[in-house]
Amino acid sequence: MKTIVFLDRATLSADLPDFQFPHRWVEYPSTTPEHVVERCRDAHIVVTNNVPLSGDVLEQLPRLELIGVPAAGVNHLDTETPWRAPKFPRGWALQTPPPDDHRLSCC
């Protein structure tokens, strides 16, 4: 079973899809940078609209497989660390919606 953590649900008013795989959903209205690791430590999927995910944070999330961003930009994410750090599996992915589609999709 995958654990999905949405760090800043209050920033998105859109409905989210019904994921078609076994999962545990955890959401927080907002998250400060100091609480990210604590809240995401067991997450396989992290959803963040605006909460920064630095390389230091990503390296502390041993189960992370995918980051979902229901926004148009990813400037709040360190997108380099996962590609160069040997601890990240080959299947690691970052998912953002197309510019004209504001629904989140994870696979």
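Suppose we filter 41, 24 for residues that are among the charged types (D, E, K, R) and in contact with a strand residue (DSSP E or B) (Cβ under 6 Å, 6 or more places away or on another chain); which single one remains? Step through it out loud before you land on a result.
Values: 41 fails: in contact with a strand residue (DSSP E or B) (Cβ under 6 Å, 6 or more places away or on another chain).
Just a single option satisfies the conditions, and that option is 24.
I'd like to know if the range 42-61 contains one or more residues that are modelled with pLDDT under 60, within 11 Å of the chain's Cα centre (by Cα), more than 16 Å from residue 11 (Cα to Cα) and not in a loop (DSSP other than H, G, I, E, B).
Scanning the range 42-61, I find no residue that is modelled with pLDDT under 60, within 11 Å of the chain's Cα centre (by Cα), more than 16 Å from residue 11 (Cα to Cα) and not in a loop (DSSP other than H, G, I, E, B), so the answer is no.
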For the range 62-78, which residues satisfy the criterion of being outside any strand (DSSP E or B) and not aliphatic (A, V, I, L, M)?
62, 63, 65, 70, 73, 75, 76, 78
Has the range 20-31 got at least one residue that is in contact (Cβ under 8 Å) with a residue 12 or more places away in the chain, over 13 Å from the mean Cα position of the chain (by Cα), within 19 Å of residue 74 (Cα to Cα) and part of a loop (DSSP other than H, G, I, E, B)?
yes
If you check every pair at least six apart or on different chains, which have Cβ atoms under 9 Å apart with a residue in the range 68-85 that is at pLDDT below 70 first and a residue that is assigned to a helix (DSSP H, G or I) second?
81/55; 81/56; 81/58; 82/55; 82/58; 85/55; 85/58
Can you find, within the range 1-14, the residue that is modelled with the lowest pLDDT among those that are in contact with a Lys or Arg (Cβ under 8 Å, 6 or more places away or on another chain) and loosely packed, with under 13 Cβ neighbours inside 10 Å?
14
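The values are calculated or read from the model by the stated rules, or taken from the named source; none is laboratory data. All values reported here derive from a predicted model rather than from experimental measurement. Backbone-built Cβ (ideal geometry, glycine too); neighbour counts: all protein chains shown.
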